[in-house]
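A.B. asks: Structure below; questions to follow.
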């Protein structure tokens with residue numbers, strides 16, 4: 001979550017939050033961000049019930065909250081008005097639970113991780129994702145992620161929506177774990193300026209196919225949705241392999 005810098009002068013040259021309304025607005029943004037953890041709880045309960053489409057619906061809502069809360073934070077300048085409370089830390093806590101922990105639970109509960117590698121792979125997902133979330137050089141100046149960006153909610157959705165042989169799904173998971181530590185540049189579809197119109201169009205198509213699957217046809221996805229999901233996935237993967245690897249990542253750890 002990015003913050004702004006609006007403040008008003010006070011005695012002694014200090015700059016304080018401009019108004020009580022501004023402070024309340026900043027607090028409301030933090031509550032909005034924090035609501036993602038409620039989505040995580042609801043997704044967990046749905047997972048325990050075996051209602052995976054419902055679980056992904058909750059994770060989708062958390063994903064939407066994460067996508068727009070930074071805009072609200074910049075609008076009301078949360079870091080200036082509530083300097084003691086870190087929106088960045090709050091965002092990372094919620095993201096780790098919704099992007100990583102709940103999806104891993106879903107993979108285990110559905111049996112998509114099984115056999116002697118079941119728990120080792122689950123643990124490696126959790127541990128490698130901690131590396132990414134704590135890496136202060138996890139983004140480039142042009143807003144690419146450095147290394148696989150721990151989007152296990154999306155990986156899990158693909159494995160539910162497009163059924164693969166279990167062994168192939170586990171190979172894919174292992175490859176993503178390894179790529180967490182490889183300095184490839186991965187697209188942020190809404191912040192990377194290169195090919196932005198195409199990236200946004202692909203994101204909207206993917207979102208429509210995912211919503212159709214979750215709310216209409218149920219899992220696994222139907223043939224048309226699979227084609228769209230597969231095409232967008234191949235597009236994102238091709239960009240990652242076609243983009244030169246980075247040697248000078250910049251500081252930043254925001255999802």
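A.B. asks: I need the shape label for region 111-250. Rule: rounded when a/c is under 1.5, else prolate if a/b > b/c, else oblate, with a, b, c from the alpha carbon gyration tensor.
C.D. replies: Note, shape of region 111-250 comes out oblate.
A.B. asks: Output the 0 to 90 degree angle, nearest 10, between the alpha-carbon long axis of helix 118-134 and the longest principal axis computed from the alpha carbons of the chain.
C.D. replies: Tilt relative to the chain: about 30 degrees.
A.B. asks: Which entry is the computed Rg and Dmax of the Cα atoms in Å for this structure: (1) 19.3, 67; (2) 16.7, 47; (3) 18.3, 62?
C.D. replies: (1)
A.B. asks: Can I ask one more? Kindly express, to the nearest 10 degrees and within the range 0 to 90, the angle between helix 223-242's C-alpha long axis and the longest C-alpha principal axis of the chain.
C.D. replies: For helix 223-242, the angle is close to 60 degrees.
A.B. asks: If the elastic network links every pair of Cα atoms under 10 Å, which of 40, 231, 161 fluctuates the most in the Gaussian network model of the chain?
C.D. replies: So, out of 40, 231, 161, the one fluctuating most is 231.
A.B. asks: First check a/c for region 154-230, with a ≥ b ≥ c the square roots of the eigenvalues of its C-alpha gyration tensor; if it is under 1.5, answer rounded, and if not, answer prolate when a/b is larger than b/c or oblate otherwise.
C.D. replies: Oblate, since a/c reaches 1.5 and b/c is not below a/b.
A.B. asks: I would also like to ask the following. Please order 235, 99 by the number of other Cβ within 10 Å, starting at the fewest.
C.D. replies: Arranged by neighbour count, lowest to highest, 235, 99 become 235, 99.
A.B. asks: Taking the chain as the reference, fit the longest principal axis to its C-alpha atoms, fit the long axis of helix 166-179 to the helix C-alpha atoms, and give the angle between the two in degrees, 0 to 90, nearest 10.
C.D. replies: Long axis of 166-179 versus the principal axis of the chain: about 40 degrees.
A.B. asks: For the chain, set up a Gaussian network in which alpha carbons nearer than 10 Å are linked by springs, and say which option among 216, 104, 146 fluctuates the most.
C.D. replies: Answer for the Gaussian network model of the chain: 216.
A.B. asks: Considering the chain as a Gaussian network with a 10 Å cut-off on Cα pairs, which listed residue, 56, 148, 241, attains the greatest mean-square fluctuation?
C.D. replies: Maximum among the listed residues: 241.
Every number in this text was worked out from the coordinates using simple rules, so none of it is lab data. Note that the coordinates shown come from a computational prediction; the quantities given were computed from them, not determined experimentally. Methodologically, a virtual Cβ is constructed for each residue, glycine included, from the backbone with ideal geometry; neighbour enumeration extends over all protein chains shown.
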